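See structure below.
The values are calculated or read from the model by the stated rules, or taken from the named source; none is laboratory data. Note that the coordinates shown come from a computational prediction; the quantities given were computed from them, not determined experimentally. Every residue, glycine among them, receives a Cβ derived from its backbone with ideal geometry; neighbour counts consider all protein chains shown. Surface areas here come from the heavy atoms of the whole protein model, side chains and all, with no ligands, DNA or RNA. Shrake-Rupley method; radii C 1.70, N 1.55, O 1.52, S 1.80 Å.
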Amino acid sequence: MLHVSSQGLAKPLKWLIVALGAGAFLYSAFQVSAAQLDTRFLLLSLVTIYTGTRMLFRVPRTEGHVPLADAFVLLSMLLFGGEAAVLLAVLAALCAALRVSRKASDILFNVALSAISVFVIGQVLRYSFGSIVELPQSRNTFSLLLAVCLMSLVQAFANALRSGAGESEESRVAGGLGAWGGSYVWTLLTCFAVVAAAGFVARLIEATGFYPFLAVATLAAIVHFAYCTYLKDIYASARQAQQIEHHIAALEDSEGLFRSAFDHAAIGMAMVSAQGRWLRVNDYLCETFGYSVEEMRATDFQTLTHADDIGQALANVKRILGGSIQNYKMEKRYIHKQGHEVWVLWSAARVYDVTNGDAPHLIFQIQEITDRKRAEERLLHDAFHDPLTGLPNRALFIDHLKLTIARAKRRKTQIFAVLFLDLDRFKVINDSLGHMFGDQLLVGIARRLEICLRQEDTVARVGGDEFTILLEDIVDETEAISIAERIQKELSTPFNLSGHEVFTTASIGIAPSTTGYEHSEDIMRDADTAMYRAKSLGKARHEVFDKAMHAFAVNLLQLETDLRRALERREFFMQYQPIVALDGFNLRGFEALVRWQHPERGLISPLDFIPIAEDTGQILAIGHWTLKEACKQMRRWQKMFPSDLPLFISVNLSGKQFTQPDLIEQVRQILEETKLPPRSLKLEITESVVMENIDNATEMLRELRALGVQLSIDDFGTGYSSLSYLHRFPIDTLKIDRSFVTRMVDNSENIEIVRTIIMLAQILGMDVVAEGVETKEQLALLRKLGCENGQGYFFSKPASVSGAEQIIAQTCAQLSSNVAQMPHAPTGELGPDDKVKSIRLTSVG
Ligand code: C2E
Ligand code: CA
Ligand code: CA
């Protein structure tokens with residue numbers, strides 16, 4: 001059946017055909033008699049409608065077909081006449097057209113074309129042979145053959161016309177009807193075969209009768225359909241077989257693909273049996289583990305897995321094989337053939353081996369991640385370790401400490417301790433020898449600390465020269481003490497730093513867990529407090545933290561707060577202690593000593609508050625105030641008691657004050673404001689402050705000297721006397737520390753020290769002041785050793801402004817009487833017969 005496109009035949013032509021077809025149909029309908037349409041015609045009509053377009057004869061070398069129905073229509077023409085055949089053709093064409101198209105114009109066109117062609121054949125045969133129905137009966141085969149030829153011609157033309165109507169625009173334009181060309185010849189031949197078959201059947205029916213023919217035809221049709229069905233089945237199974245073949249080929253392809261993907265994957269792959277045997281391994285995996293394929297297959301997964309990872313890996317393999325999980329991934333270690341660890345990202349899944357009765361196997365994907373793992377480990381290590389010494393840092397230490405605290409909470413009997421260790425003179429070493437030596441020393445100390453500890457203890461570097469030690473599981477606090485002693489002993493051996501022999505000591509604070517700790521910060525704080533106590537008690541020692549120490553620390557905090565307001569509340573005042581020339585007991589000057597009158601606590605010693613002021617930085621303000629106050633006072637006295645050789649005032653400078661960048665400017669300004677002659681001011685700096693700042697000290701001392709002020713080294717002999725440096729400093733006076741003077745009488749060694757200091761001062765052109773002179777024995781000895789000046793309770797305790805004024809006044813009064821009592825000497829110390837009875841103003845001397 002054909003679709004008649006609007007571009008196909010011209011519309012008027014199409015409708016002309018429709019009109020002609022309708023005419024042919026109507027004419028035939030009127031001409032046909034009812035008798036003609038008997039049962040045979042009805043049966044033939046049914047067969048025609050049924051076969052319709054279902055059975056087609058293909059036109060060779062073209063896309064066209066000639067329907068079998070056409071043969072039946074022509075057969076009906078030979079049996080029932082041209083008009084009956086037109087009716088049947090219309091009926092058959094209508095049924096066929098309805099089956100393939102719903103478009104009315106298409107249906108009408110095709111039906112009309114069939115009607116016209118059959119009508120034309122009928123008329124041609126009628127005019128050629130008279131009665132059509134007699135044609136099959138006549139013995140004249142030639143006329144039948146001729147009729148068949150005629151019928152074929154018309155039928156072929158009609159068929160060609162139908163095809164032409166459906167052809168494309170281009171081919172139609174190219175040649176109209178003539179464009180059908182060669183295909184028409186083939187259509188004609190096909191039509192001839194069809195028409196000939198119809199003629200032959202008509203002849204057969206004439207010879208055998210319609211019904212016997214029908215019976216045979218029905219039988220033949222049944223056989224034909226059975227055969228067709230059989231063929232269909234065969235085709236179907238053949239197609240199925242072909243599909244299976246394709247499928248297998250595809251499977252083989254994918255198996256091949258899989259195999260090559262497996263073998264050449266850029267990741268380790270393995271097929272492993274449920275028992276862990278390596279069934280199949282790829283090159284990458286062999287390379288990763290250092291084994292050959294054969295060697296791999298001779299071993300199993302368990303043997304190559306790192307002992308620490310085997311438990312977790314096997315547990316999950318079991319879950320995979322049991323079906324509770326589909327697959328599993330973890331980072332694990334294998335052991336390389338060479339014995340080292342290989343880190344991998346291992347993923348396992350279950351597969352079934354079809355070749356082996358569907359046995360469950362494992363497929364592994366193994367990606368080496370050793371480099372990544374190493375980098376991670378390094379990062380982690382760096383985050384928790386001190387880069388210089390390699391020791392754990394504060395973060396890791398606190399981590400360990402927290403774990404220990406948690407453990408101790410569960411096991412009440414467990415005792416542990418934290419040791420806080422601070423080097424006593426690290427800054428001096430670092431500043432004098434340089435940072436490279438400082439670093440070497442820290443590394444050396446780290447190694448020695450490790451030697452002193454047990455495996456389970458942790459030593460960490462938590463600051464520049466601060467180390468903390470966690471002692472786990474100790475019997476009692478004495479064990480911690482003995483470890484601290486061992487550390488101090490170990491550190492007492494000198495370090496050899498690139499040829500330099502360096503001595504160092506450490507102060508250690510011990511906080512035992514027996515005090516009861518919930519938080520790591522608390523025990524760290526207490527160990528730190530104990531360490532500070534050890535430092536304040538003279539360094540190079542250890543102290544165990546106790547509750548009193550905590551109270552002390554709290555007290556300290558309170559003092560700090562109070563100290564902040566002391567200056568503005570005018571709670572400080574000065575006392576003055578005379579310094580006397582020992583040969584004639586002439587008064588040379590005073591040392592200014594600051595006092596703090598606390599509103600609640602009463603008088604607080606500078607020994608207690610100066611270190612706090614140093615720590616908090618308040619010493620700068622306090623120091624400035626004392627310096628100014630002392631200078632002001634001395635200027636006033638100089639005016640009150642004029643003399644040729646004026647008195648001097650000694651003022652103490654602490655470490656922080658000494659390193660102030662604007663110290664020179666401050667001193668200069670104060671001298672200017674107070675109008676005190678610079679020569680009358682003597683600044684006292686302790687030996688250790690100078691030695692700890694050797695580089696800056698020389699310059700600072702030089703600049704101070706340039707201002708005209710005098711300089712004095714305080715507490716001489718207690719520090720780390722670098723005699724080699726001493727001569728470089730522009731120093732006027734050495735003050736022999738009180739401790740030597742006090743112990744001089746009962747210890748000949750101390751006498752020698754004092755003698756050496758006096759000699760040294762003489763050699764270097766400095767004068768000497770002996771501190772803490774309390775007794776006449778001390779005085780006598782010092783005089784014998786040639787000590788020029790003295791200071792101490794023997795002469796006078798530190799006195800108030802008025803007390804000091806009295807001393808000056810009385811020594812002045814002596815001037816006239818030449819006999820005076822020592823105003824402040826401790827009673828009973830000096831008898832009336834003693835030579836030393838008074839202090840005299842030097843100028844009188
Ligand atoms: P220092 O400079 O060695 O001062 C001498 C200390 O020895 C004073 O203690 C003084 O009272 C005490 N002393 C004097 N003679 C004797 C004696 O015969 N026997 C005994 N047992 N002690 C004697 P003070 O006044 O308590 O001062 C202690 C320290 O405080 C001073 O030691 C000094 O380092 C510091 N200091 C005092 N005043 C100031 C100040 O104004 N500024 C700074 N920066 N430090 C100061
Ligand atoms: Ca002093
Ligand atoms: Ca002193």
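Summary of computed values
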| quantity | calculated |
| --- | --- |
| Total residues in region 647-675, condition closer than 15 Å to GLN710 by Cβ, in contact with a Lys or Arg (Cβ under 9 Å, 6 or more places away or on another chain) and away from ligand 1 (no atom under 16 Å from the Cβ) | 1 |
| Selection count, region 676-690, where residues are of a type in the set (Ser, Thr, Tyr), away from ligand 2 (no atom under 12 Å from the Cβ) and modelled with pLDDT of 90 or more | 1 |
| Residue ID - farthest from VAL769 (Cα to Cα), chosen from residues in region 648-665 that are among the polar types (S, T, N, Q) and open to solvent by 30 Å² or more (accessible area, probe 1.4 Å) | THR659 |
| Evaluation of GLY538 against (1) within 52 Å of the chain's Cα centre (by Cα); (2) surrounded by fewer than 17 Cβ atoms within 10 Å (Cβ to Cβ); (3) away from ligand 3 (no atom under 16 Å from the Cβ) (one fails), failing number | (3) |
| Tally of residues being open to solvent by 50 Å² or more (accessible area, probe 1.4 Å) and outside any strand (DSSP E or B) across region 361-374 | 3 |
| Test: residue in region 784-795 that is farther than 21 Å from TRP637 by Cβ, charged (D, E, K, R), open to solvent by 40 Å² or more (accessible area, probe 1.4 Å) and out of contact with any helix residue (DSSP H, G or I) (no Cβ under 6 Å at 6 or more places or on another chain) | yes |
| Members of region 713-766 found to be within 16 Å of ligand 2 (Cβ to nearest atom) and of a type in the set (Val, Ile, Thr), listed by number | ILE713, THR718, ILE731, THR733, ILE736, VAL741, THR742, ILE757 |
| Condition broken by LEU567, with the remaining ones in (1) under 28 Å from VAL768 (Cα atoms); (2) open to solvent by 40 Å² or more (accessible area, probe 1.4 Å); (3) among the hydrophobic types (A, V, I, L, M, F, W, C); (4) away from ligand 3 (no atom under 16 Å from the Cβ) satisfied | (1) |
| Qualifying residue in region 712-726 (condition: free of Cβ contacts under 8 Å to residues at least 12 places away in the same chain, of a type in the set (Ser, Thr, Tyr) and part of a helix (DSSP H, G or I)) | yes |
| Checklist (1) in a strand (DSSP E or B); (2) surrounded by fewer than 24 Cβ atoms within 10 Å (Cβ to Cβ) applied to THR514, failing item | (1) |
| Conditions (1) open to solvent by less than 40 Å² (accessible area, probe 1.4 Å); (2) assigned to a loop (DSSP other than H, G, I, E, B); (3) modelled with pLDDT of 95 or more; number of the one not met by LEU396 | (2) |
| Output for region 414-461, where each listed residue is in a strand (DSSP E or B) and open to solvent by 20 Å² or more (accessible area, probe 1.4 Å) | ILE415, ARG461 |
| Residues being surrounded by 20 or more Cβ atoms within 10 Å (Cβ to Cβ) and polar (S, T, N, Q) - total across region 685-700 | 2 |
| Only one of LEU251, LEU279, LEU231, LEU285 that is more than 40 Å from the chain's Cα centre (by Cα) and open to solvent by less than 90 Å² (accessible area, probe 1.4 Å) | LEU231 |
| All positions within region 704-751 that are surrounded by fewer than 15 Cβ atoms within 10 Å (Cβ to Cβ) and either within 18 Å of GLY589 (Cα to Cα) or of a type in the set (Asp, Glu) (or both) | GLY708, ASP746, GLU749 |
| Residues satisfying the stated conditions in region 50-79, i.e. assigned to a helix (DSSP H, G or I), modelled with pLDDT under 80 and among the β-branched types (Val, Ile, Thr) | THR51 |
| Filtered residues of region 578-598 (kept if over 60 Å from the mean Cα position of the chain (by Cα), within 16 Å of ligand 2 (Cβ to nearest atom) and aliphatic (A, V, I, L, M)) | ILE579, VAL580, ALA592 |
| Lone qualifier among LEU603, LEU645, LEU607 - being open to solvent by 70 Å² or more (accessible area, probe 1.4 Å) and within 16 Å of ligand 3 (Cβ to nearest atom) | LEU607 |
| Residue check for VAL745: away from ligand 3 (no atom under 15 Å from the Cβ), at pLDDT below 95 and β-branched (Val, Ile, Thr) | yes |
| Residue within region 182-199 that is over 18 Å from ARG58 (Cα atoms) and modelled with pLDDT of 75 or more present | yes |
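Yes/no matrix, rows are residues, columns are (1) in contact with a Leu (Cβ under 8 Å, 6 or more places away or on another chain); (2) closer than 24 Å to HIS65 by Cα; (3) of a type in the set (A, V, I, L, M, F, W, C):
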| site | (1), (2), (3) |
| --- | --- |
| ALA198 | yes, yes, yes |
| GLU206 | no, no, no |
| PHE213 | yes, no, yes |
| ALA217 | no, yes, yes |
| ALA221 | no, yes, yes |
| PHE225 | no, yes, yes |
| CYS228 | no, yes, yes |
| LEU231 | no, yes, yes |
| ALA241 | no, no, yes |
